[in-house]
Amino acid sequence: MANQPFTCSYSTTDWKKLHCKDIQAMKTRLGCLSNKSDSCSDFSEFLPPAQERSTRYLKLSTDEVTRWADSFDTLLSNKYGLAAFRTFLKTEFSDENIEFWLACEDYKKIKSPAKMMSKANKIYKEFIDVHAPREVNIDHRTREETKQRLMEPTPNSLNEVQAKVYSLMEKDSYPRFIRSKIYQDLLNRTQIYCQRKSV
């Protein structure tokens, strides 16, 4: 029983939302996937069938997936939880929030003033400007103050707007993710697989 593959329980509607390119992006972001001795379930249903044969399946324990519901920080600090959350946001067409938050995390690591200026401009044009293709939902005051700060960028120039987007995700998207079919199905599969392995 332990080697019996899972069957995907998503509805046709759910799968229509998870476009092929989104699934491929999920697979790419997960990177090199490794097995764990305490593994209980896998992410193979997120991978295109052609890729499954050559990819070592990502394994997750029930305990690990359960901890994602403890707090938003716990979810984001787990690379597989983050990947699942990003996939969920794509189904809601609101993934610009997590992509902006991650861009800010990368921005804060930059040491070179020239690279910082370049990255700041890129983030502003992509996420903050009123004509940005992936505009995040922030108020006018925050937008204008951020614009002023980015004229002479420092590692902290995006902290305020990043905190607002984080708060929006924590209060709005995160609770929906925990209640979502994506999360609940994954949690249920880990539990079922663990029970099979223990028999």
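No lab work stands behind these numbers, since they all come straight from the coordinates. Please read all numbers here as calculations on a predicted model, not as lab measurements. Here the Cβ is made from the backbone with ideal geometry for all residues, glycine too, and neighbour counts use every protein chain on show.
Assign one of three labels to the stretch 69-199, namely rounded, prolate or oblate, based on the Cα gyration tensor with a ≥ b ≥ c the square roots of its eigenvalues; rounded applies when a/c is under 1.5, prolate when it is not and a/b is larger than b/c, and oblate otherwise. Prolate, because a/c is 1.5 or more and a/b exceeds b/c. Under the convention that each Lys and Arg Cβ holds +1 and each Asp and Glu Cβ holds -1, the size of the dipole of the stretch 58-197 around its Cα centre is about 500 debye.
Among the listed pairs LYS108/LYS147; LYS108/LYS164; LYS79/LYS147; LYS79/LYS111, those whose Cα-Cα separation exceeds 19 Å are LYS79/LYS147; LYS79/LYS111. Once both labels are modelled 7 Å past Cα along the beta-carbon direction, what's the MET151-LYS181 spacing in nm? So the two model labels end up 5.0 nm from each other. Estimated at 0.36 nm per residue, the fully extended path between MET117 and ASP172 surpasses their Cα-Cα distance by 16.7 nm.
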